[in-house]
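What follows draws every value from the coordinates through simple rules; no lab data is involved. Keep in mind that this is a model prediction, so the values were computed, not measured. FYI the Cβ positions are ideal-geometry reconstructions off the backbone, even for glycines, and counts take in every protein chain you see.
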Amino acid sequence: MRRRPGLSGLAAELVGTTVAVAVPLQRHRPAVVFATCLAEIGALVAVILTDTVAAFAALVVLAAALIALAATNRRRVLAVTSMGVVQLRASLRGRPTAMLGPAPSELSLPPPRRLGCPVELDGCTWWVDRSAFPRLASARRVLATGDGSPESAS
């Protein structure tokens, strides 16, 4: 059975150099996605408890909203290398697909907190989801030491 490379490995294949850590970004605020998920679960509970058409209609609308959020949530990946931080375009599932170029030199990665952390890139706010906080912490460590080797991310 063949192992699939992780996000850093996929980014390294695309960039052509060693990637210390790759941080996934998403365009939609994580709190909005989370609130929509909670609302959909609440609507499902309402359908089960009340068995009404209105509750079912609310469930259908919220399910459609969640599908629309997922379909429009653009992705990027920040790959931290020994030569600097590189921006990568990513698929809807977060797999790196194309190089966009170097990240701005004034890029600052915020400390992990709450449901998501904002990152300013090219005049837009991108978000690091809570599930990527360990990667964000590793990237901050690597950038603080100025060493882009994979060993410094650990």
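The conditions of being out of contact with any strand residue (DSSP E or B) (no Cβ under 7 Å at 6 or more places or on another chain), closer than 21 Å to GLY16 by Cα and surrounded by fewer than 16 Cβ atoms within 10 Å (Cβ to Cβ) are met by SER82. When the stretch 15-24 is limited to residues that are in contact with a helix residue (DSSP H, G or I) (Cβ under 8 Å, 6 or more places away or on another chain) and not hydroxyl-bearing (Ser, Thr, Tyr), the one that is surrounded by the most Cβ atoms within 10 Å (Cβ to Cβ) turns out to be ALA22. Of the residues examined, GLU106 is one that is surrounded by fewer than 11 Cβ atoms within 10 Å (Cβ to Cβ), more than 19 Å from VAL33 (Cβ to Cβ) and among the acidic types (Asp, Glu). Here is the figure for the stretch 111-129: residues that are touching a residue at least 60 places away in the same chain (Cβ under 8 Å), farther than 13 Å from ARG75 by Cβ and touching a helix residue (DSSP H, G or I) at 6+ places or on another chain (Cβ under 7 Å) total 2. Filtering the stretch 37-55 to residues that are among the polar types (S, T, N, Q) and either crowded, with 18+ Cβ neighbours inside 10 Å or not in a helix (DSSP H, G or I) (or both) leaves only THR52. Residue pairs whose Cβ atoms lie under 8 Å apart, sitting 6 or more positions apart in sequence or on different chains, and linking a residue in the stretch 9-21 that is assigned to a loop (DSSP other than H, G, I, E, B) to a partner that is surrounded by 15 or more Cβ atoms within 10 Å (Cβ to Cβ) and among the aliphatic types (A, V, I, L, M), are THR18/ALA12.
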